Amino acid sequence: MTDVIVVGAGPTGLTLACELALGGVDTVVLERLPHRIRQTKGGAIQPRTQELLDLRGLLEPMRARAMRGEPLDGHFALLPVPLDCTVWDTAHPHVLSIPQWEVEEVLQERAAELGVKVLRDTAVTAVEQSEHGVTVTAGGQRVPARHLVACDGAHSTVRKLLDVPFPGRPGTFTAVLADVRLASASDLVPTTHGHISTLTREAEEGWGMLLPLGGDRYRFTGGGVEPDEPARDRPVTLDEIAGLLRRVYGERTVPAEVENASRFSDATRQIDHYRAGRVFFAGDAAHIHPPYGGQGLNLGMQDAFNLGWKLAAVLRGDAPADLLDTYHTERHPAGAWVLHITQAQRVFAAPRPGPDVVELREVFTGLMRLPETNRHLAGLMSGLSHAYDLPGAHPLTGHRVPGLDPALFRSGRPALLDTAGILPSGLGAVAADPVDGLPGAVLVRPDGYAAWAADTEPDLDALTADPCWSLLRANTRETPRHDARE
């Protein structure tokens, strides 16, 4: 029996597979597509996701594949004020622009190194579960496992097979996303990869955004403004792309080829619970939202970083089973908040705004230039300000820990840091240099959040009661276990 079946070999599924395998869990990934689609979608890795990738040694391989150009700042609703993350304590204050398929290749290479099996052209057709495990029928075979994680996207087969409701609001428009080669281009076509507000154009009969990919290749995002938009599942044609480009960028802008194309909408949905028995949901299988601000890929990968270490710890027997319940309690609110801020951006980013929205844009753009507003929005959009509501007396508990040495987290295990020499010997603590914002001692979860912290007089009972303590001890068995009663 396999420990975990992951359905879906996108960024969320492959990140989760890497985390599980790093934790010693036998993992199989099932993917319905026979080949990876090399489309430049979901190409923004936000600063917080970069921090997490850095902890696992995955950031540098992605940087090597990233699009070249000036460092990019984030945005809110396409408004012309860059979000400044340098005011946050992070080594990665800029957005990393990289095609999604390149992200997937880096993750799959690491997964293969860790022994993960990725089975392509293997569509799931049935899911059965009991109190002891899950059986998946895929590719004509029945595969038993202890747990299943659905990372199979917005139209999740697993979610539908289990009849899990996906409440929310339907989309109000459809748009096209395509990799194109241009045969000719007008002066309106951008030649550099600048802030997104400089790349977006609105016209009387359509809107569009061309992102230079090098040479004559561009990523095109755009749509019409007619109330009767094309159905989301209707194939995208070269003629359709040509018409949109002509309306937005002029008669001289002509596509030579459409390499890949798809449609998307601004539908907003979220399942009520991220767990159904022995099945978990992550990424777009659990939540979808308008594609404003480059949030989707990052939200899914952060779901995976949250669930991976917990599921591995429970399956190894290093943590109690109820640790798995915290996946929903932590990630559902995180997803709900992203849905909230992306829906708010829908108002500003409307392709044909009314006069009231135009005025509102101007007012909000002015507010974004205020340092306090910009810092707040930068923290939200980058994920750097996100925190979990964890029990603990110290204000850092549940927050990301700044200034971490990534080398301490390559194994996917927690670390106990002592920057003030306040912990007794024998606890397995790592002496660390003082960092602004870092307390005297902190127990850092595998995903970089503080599970426990103390400034001067550590509460060792609270430390040893935290689930991460047992994970730390499992990684340092040779060190005598501390007894808080001594």
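The values are calculated or read from the model by the stated rules, or taken from the named source; none is laboratory data. These figures come from a predicted structure and were not determined experimentally. Cβ coordinates were reconstructed from backbone atoms using ideal geometry, including for glycine residues, and neighbour counts include every protein chain displayed.
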| Of the criteria (1) within 30 Å of ASP266 (Cα to Cα); (2) out of contact with any Ser or Thr (no Cβ under 7 Å at 6 or more places or on another chain), which one GLY392 fails | (1)
| task | Could you check region 1-82 for helices (runs of 4 or more DSSP H) lying wholly inside it with 1 or more residues that are at pLDDT below 95? | result | 59-65
| request: Return a yes/no flag: does region 351-365 have any residue that is in a loop (DSSP other than H, G, I, E, B) and surrounded by 14 or more Cβ atoms within 10 Å (Cβ to Cβ). | output: yes
| note | Of those in region 33-53 that are surrounded by 18 or more Cβ atoms within 10 Å (Cβ to Cβ) and charged (D, E, K, R), the residue nearest to the chain's Cα centre (by Cα) is ARG48
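Go through ARG278, ARG269, ARG247 for me and flag whichever is over 14 Å from GLY171 (Cβ atoms) and modelled with pLDDT of 95 or more.
Working: ARG269 fails: over 14 Å from GLY171 (Cβ atoms); ARG247 fails: modelled with pLDDT of 95 or more.
Just a single option satisfies the conditions, and that option is ARG278.
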| Which condition breaks for ARG352 when tested against (1) over 18 Å from ASN306 (Cα atoms); (2) touching a His at 6+ places or on another chain (Cβ under 8 Å); (3) among the basic types (Lys, Arg)? | (2)
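Would region 296-313 turn up any residue that is assigned by TED's automatic domain parsing to the domain that holds ALA44 and over 24 Å from GLN50 (Cβ atoms)? Give the steps one after another, and end with the answer.
If we filter region 296-313 for residues that are assigned by TED's automatic domain parsing to the domain that holds ALA44, which is where we start, we get 296-313.
Applying the additional criterion that residues be over 24 Å from GLN50 (Cβ atoms) yields 313.
Checked region 296-313: at least one residue is assigned by TED's automatic domain parsing to the domain that holds ALA44 and over 24 Å from GLN50 (Cβ atoms).
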| remark: (1) surrounded by fewer than 19 Cβ atoms within 10 Å (Cβ to Cβ); (2) outside any helix (DSSP H, G or I) all hold for ARG219 apart from (1)
| Residues within region 440-479 that are in contact (Cβ under 8 Å) with a residue 24 or more places away in the chain, within 27 Å of GLN302 (Cβ to Cβ) and acidic (Asp, Glu), tallied | 1
| message | For a quick check of your reading of the model, give me the residue pairs whose first member lies in region 126-145 and is in the same structural domain as LEU161 (by TED's automatic domain parsing) and on the phi > 0 side of the Ramachandran plot, whose second is at pLDDT 95 or above and not in a strand (DSSP E or B), with beta-carbon atoms closer than 6 Å and at least 6 apart or on different chains. | response | GLY139/THR122
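State whether the residues of region 242-252 include one that is more than 28 Å from ALA17 (Cβ to Cβ), among the hydrophobic types (A, V, I, L, M, F, W, C) and part of a loop (DSSP other than H, G, I, E, B).
Step one: of region 242-252, the residues more than 28 Å from ALA17 (Cβ to Cβ) are 242-252.
This time we only want the ones that are among the hydrophobic types (A, V, I, L, M, F, W, C), so: 242, 244-245, 248.
Checking which are part of a loop (DSSP other than H, G, I, E, B) leaves us with none.
Among the residues of region 242-252, not one is more than 28 Å from ALA17 (Cβ to Cβ), among the hydrophobic types (A, V, I, L, M, F, W, C) and part of a loop (DSSP other than H, G, I, E, B), which makes the answer no.
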| request: Only residues that are farther than 30 Å from ALA453 by Cβ, surrounded by fewer than 17 Cβ atoms within 10 Å (Cβ to Cβ) and in contact (Cβ under 8 Å) with a residue 12 or more places away in the chain: list them for region 366-389, please. | output: ARG369
| note | Of the residues in region 77-92 that are free of Cβ contacts under 8 Å to residues at least 60 places away in the same chain and in contact with a Pro (Cβ under 6 Å, 6 or more places away or on another chain), the one that is surrounded by the most Cβ atoms within 10 Å (Cβ to Cβ) is HIS92
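Table: residues versus (1) in contact with a strand residue (DSSP E or B) (Cβ under 9 Å, 6 or more places away or on another chain); (2) surrounded by fewer than 22 Cβ atoms within 10 Å (Cβ to Cβ); (3) at positive phi.
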site: ASP239; (1), (2), (3): no, yes, no
site: GLY250; (1), (2), (3): no, yes, yes
site: ALA276; (1), (2), (3): yes, yes, no
site: HIS289; (1), (2), (3): yes, no, no
site: LEU299; (1), (2), (3): yes, no, no
| Set HIS386, HIS376, HIS399: member being out of contact with any strand residue (DSSP E or B) (no Cβ under 9 Å at 6 or more places or on another chain), closer than 17 Å to ASP89 by Cβ and either modelled with pLDDT of 95 or more or in the same structural domain as TRP337 (by TED's automatic domain parsing) (or both) | HIS376
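Does at least one position in region 390-399 carry a residue that is free of Cβ contacts under 8 Å to residues at least 60 places away in the same chain and within 22 Å of GLY300 (Cα to Cα)? Spell out the reasoning first.
Of region 390-399, the ones free of Cβ contacts under 8 Å to residues at least 60 places away in the same chain are 391, 395-399.
Restricting the remaining residues to those that are within 22 Å of GLY300 (Cα to Cα) gives 398-399.
So far as region 390-399 goes, yes, one or more of its residues are free of Cβ contacts under 8 Å to residues at least 60 places away in the same chain and within 22 Å of GLY300 (Cα to Cα).
Take the residues in region 183-210 that are assigned to a helix (DSSP H, G or I) and of a type in the set (Val, Ile, Thr), then tell me which one is nearest to the chain's Cα centre (by Cα). Spell out the reasoning first.
Residues of region 183-210 assigned to a helix (DSSP H, G or I): 196-198.
Retained after the next criterion (residues that are of a type in the set (Val, Ile, Thr)): 196, 198.
Details: ILE196: 20, THR198: 25 Å.
Selected residue: ILE196.
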| said: Tell me whether region 424-439 contains one or more residues that are at pLDDT 95 or above and either basic (Lys, Arg) or under 22 Å from LEU22 (Cα atoms) (or both). | reply: no
| query | What pairs come up if the first residue lies in region 336-360 and is closer than 20 Å to VAL81 by Cβ and assigned by TED's automatic domain parsing to the domain that holds ARG247, the second is at pLDDT 90 or above and assigned to a helix (DSSP H, G or I), and their beta carbons are under 7 Å apart, counting only those six or more places apart or on different chains? | reply | none
